[in-house]
Amino acid sequence: MTLANVCLDDKSCVLFSDTVLCDFTGEEVGRHSKLEVLSHLHCGFIFRGLAGIHYAAYSFLQGGEVRTFESAIELLPGVLCESARHFSQRINELGVADADRPELGEMLIAGRSSDRTRIQAFRLSYNINDFMPVELERGVHLAPSPGAAVPLPKSMTIEQAIRAACAQRKMMAAQAIECGGGVGIGGHLQAMEITPDIIRIKTIHEF
């Protein structure tokens, strides 16, 4: 499970993610940044789901075919769907039971608009609409979702971001115990700030 929280306002976007890598029993096997920067497109993303689809998206965005953030948003659905079909076929070939099938995933991506004055953010989700991009409204978006009962502010301080991530981690740990295992959230909490001028990543918490 990957934490993918977004705080978007008129001047910037901050993407938050954890760093823990787990096996399917929930045991930590390593730590690695899950925040990807594409400086030539002035954008960054988080991918939740199968690592193979993540790598396919990153490799495509690093290639010469994509030259602007707008073209990335236009072309990514096809790349993600093709990769998802490939991995779905591989999962079928392996005979994985329905209950054990991994979620193919979703992508949270933010970048500078063509007029270079603002930041846009999009969610591309396999489960919702086959990776078609949905532009996010200004405000806070949390994944995994804490549920409708949790009110979301329009902005989020570093302290609030840490509290939200810790609550999500606790929720996922409880679900993992109920299911007899699972992949957790942990390691470090990192924040990627994207403005029209800069992209920077910093570590803000250790779980």
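Numbers for the structure displayed
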{"item": "Residue that is in contact with a Pro (Cβ under 9 Å, 6 or more places away or on another chain), touching a residue at least 40 places away in the same chain (Cβ under 8 Å) and either among the aliphatic types (A, V, I, L, M) or under 30 Å from SER155 (Cα atoms) (or both), where the choices are PHE122, PHE69, PHE47", "result": "PHE122"}
{"item": "Qualifying strands (runs of 3 or more DSSP E) (wholly inside the stretch 7-62; at least 1 residues being modelled with pLDDT under 95)", "result": "20-22, 28-31, 43-49"}
{"item": "THR2 more than 19 Å from LEU124 (Cα to Cα), surrounded by 21 or more Cβ atoms within 10 Å (Cβ to Cβ) and touching a strand residue (DSSP E or B) at 6+ places or on another chain (Cβ under 6 Å)", "result": "no"}
{"item": "Subset of the stretch 63-93 [part of a loop (DSSP other than H, G, I, E, B) and touching a helix residue (DSSP H, G or I) at 6+ places or on another chain (Cβ under 6 Å)]", "result": "VAL66"}
{"item": "Only one of PRO133, PRO102, PRO151 that is at pLDDT below 95 and in contact with a helix residue (DSSP H, G or I) (Cβ under 8 Å, 6 or more places away or on another chain)", "result": "PRO102"}
{"item": "Single residue of the stretch 136-148 satisfying the filter (open to solvent by 50 Å² or more (accessible area, probe 1.4 Å) and modelled with pLDDT of 85 or more) that is farthest from ALA161 (Cα to Cα)", "result": "GLU137"}
{"item": "Residue list for the stretch 117-130, filter: touching a strand residue (DSSP E or B) at 6+ places or on another chain (Cβ under 8 Å) and at pLDDT 90 or above", "result": "ARG118, ILE119, GLN120, ALA121, PHE122, ARG123, LEU124, SER125"}
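The values are calculated or read from the model by the stated rules, or taken from the named source; none is laboratory data. Computed from a prediction, not measured in an experiment: that's the story for all the values here. FYI the Cβ positions are ideal-geometry reconstructions off the backbone, even for glycines, and counts take in every protein chain you see. The accessibility values were calculated without ligands, DNA or RNA, using every heavy atom of the protein model including side chains. Shrake-Rupley method; radii C 1.70, N 1.55, O 1.52, S 1.80 Å.
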